[in-house]
Amino acid sequence: MIYKNFIFVIIVLLTTSCGYHLRRAIDLPEQYQSLYVEGASAAFKKQLRKLIKTSSAKLVSDPEKAGLVLHVIEDNMRQNVLSLSTTGKATEYEIYYVLTFELLDAEGNSLMSRETIELSRDFFDDQSGDTVLGKAAEADTIRQEMYKQAVRRLFDQARGVLRKLPSE
């Protein structure tokens, strides 16, 4: 028992000393904690709400009340056929997502110029047997994960830029 506790303490010390930390919710500077989003798809906003729900930041419905405005210029998810079966049915797809955005302050001044995040995933769709419904659900899960990854990347980039700005 003592041996197990000792190993546990060593693992905890090693992971904390190397800078490892659990992925947390977004932590933006104080003056940018209220966020207004314009131009984003419903699926993107859903993932954004999930992330913000666990943080001190909040989404506002009025740009006048926002410290930070996320202006989404492009929010596009598409699917391309990569391969066909011998019968001519698509068996492999590429799911491709592009998010182009900029961050503005409450007065409309640019805090972060236009940035683009591009993500892609390959997806094999067998189309044979009883797996058709399961494959549709799998493709939807991949899309949701891509939205989630895009939201995370957006805030990782924003955090780096916003921390360098002088605080009010």
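The values are calculated or read from the model by the stated rules, or taken from the named source; none is laboratory data. Nothing here was measured: the structure is a model prediction, and the numbers come from that model. With ideal geometry, Cβ positions are generated from the backbone for all residues, glycine too; neighbour counts draw on all protein chains shown.
Selection of first residues in the stretch 86-97 that are in contact (Cβ under 8 Å) with a residue 40 or more places away in the chain and under 10 Å from ASP122 (Cβ atoms) and of second residues that are surrounded by 14 or more Cβ atoms within 10 Å (Cβ to Cβ) and among the aromatic types (Phe, Trp, Tyr), restricted to Cβ pairs under 7 Å at least 6 apart or on distinct chains, gives the following pairs, ordered by first then second residue: TYR93/PHE123; ILE95/PHE123.
Given the conditions (1) acidic (Asp, Glu); (2) more than 17 Å from ALA150 (Cα to Cα); (3) surrounded by 13 or more Cβ atoms within 10 Å (Cβ to Cβ), which single one is not true for GLU115? Only one criterion in (1) acidic (Asp, Glu); (2) more than 17 Å from ALA150 (Cα to Cα); (3) surrounded by 13 or more Cβ atoms within 10 Å (Cβ to Cβ) is unmet by GLU115, namely (2).
Among the residues here, THR131 does not qualify as at pLDDT 95 or above and either surrounded by 12 or more Cβ atoms within 10 Å (Cβ to Cβ) or not hydrophobic (A, V, I, L, M, F, W, C) (or both).
Residue-by-condition table, conditions (1) in contact with a helix residue (DSSP H, G or I) (Cβ under 8 Å, 6 or more places away or on another chain); (2) of a type outside the set (Ser, Thr, Tyr); (3) touching a residue at least 12 places away in the same chain (Cβ under 8 Å); (4) at negative phi:
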site: ALA42; (1), (2), (3), (4): no, yes, no, yes
site: LEU59; (1), (2), (3), (4): yes, yes, yes, yes
site: VAL72; (1), (2), (3), (4): yes, yes, yes, yes
site: VAL81; (1), (2), (3), (4): no, yes, yes, yes
site: ASN109; (1), (2), (3), (4): no, yes, no, yes
site: GLU118; (1), (2), (3), (4): no, yes, yes, yes
site: PHE123; (1), (2), (3), (4): yes, yes, yes, yes
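None of SER113, SER83 is over 24 Å from ARG159 (Cβ atoms) and among the small types (Gly, Ala, Ser) except SER83.
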